[in-house]
Amino acid sequence: MNTRMLRKTHLGILMVVLVFSSVARAGPLNVVEAAKKAVVDVGKVGETASKGKKGPVFVFEEYHTSRVGQLQIAIMLLRLYELYGVKTIGLEGAIQSTKPLNGQWFHTAGGPTAKPFREDVAVRMVAEGEISAAEFMTLLFSDVETYGIELQAEYDVKLEVKGSPQIRYLIAIAEKSLTQADIRRINELIIL
């Protein structure tokens, strides 16, 4: 896939977190050089470090709801894949599993002649916010593995808020802009 398709649609700056690692190439990777090449015209390198024994890790910071940010990350991931053979992605927001996300269904959809159409669909899906840049890479390349990095236990939390000070505080803030009818309705809900 040619990264020019994505370069045409980039704008903005990246902020928050997606983790990416594992290079399939001979010899040590110059992390600083790779990071600089990956971000040209779509991002910036905040910090680099060449420590550790597990291989390089690239962290992309972005707003999860930013379509532009996801397109920019997709461009950087494509560059790292094409230039350095980076093929393992850790995806924030996906639950940890021993198995990567499965994009096999997409790799063969429509047969071999449909490849350009599948690529166009994947670009559209990331551009419209339907998938993340990591999922985009999984759909395009059968040798890319994307793993969730979130712990299930951190999502299995019960929120106990009935009568809590936090709720009373939020209601006090909201009351300043509510009508009397709105306040009565909120009070009815609290009593339930």
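Once label points are set 7 Å from the Cα along Cα→Cβ at both ASN30 and VAL121, what is their separation, rounded to one decimal in nm?
4.1
P(r) for the range 108-176, please, calculated from all Cα pair distances in 10 Å bins and given in %.
Using 10 Å bins, I get a P(r) of 16, 26, 18, 18, 15, 8, 0 for the range 108-176.
What percent of all Cα-Cα pairs in the range 32-86 falls into each 5 Å bin, going from 0 up to the bin containing the maximum distance?
Final binned percentages: 4, 19, 29, 26, 14, 6, 1.
Restrict the search to the range 80-155; then list the GluC sites (Glu not before Pro) that DSSP places in a loop and that have at most 11 other Cβ atoms within 10 Å of their Cβ.
Passing both the DSSP loop test and the Cβ count: GLU128.
For the range 31-154, just the Cα atoms, rotate onto the principal axes and tell me the three extents in Å, largest first.
Principal extents (Cα only, largest first): 44, 38, 27 Å.
The numbers here are math on the coordinates, done by the rules we state, and not lab data. Note that the structure is a prediction, hence the values are computed from the model and not measured. Because the Cβ atoms are built from the backbone with ideal geometry, glycine has one as well, and the counts that use them run over all protein chains shown.
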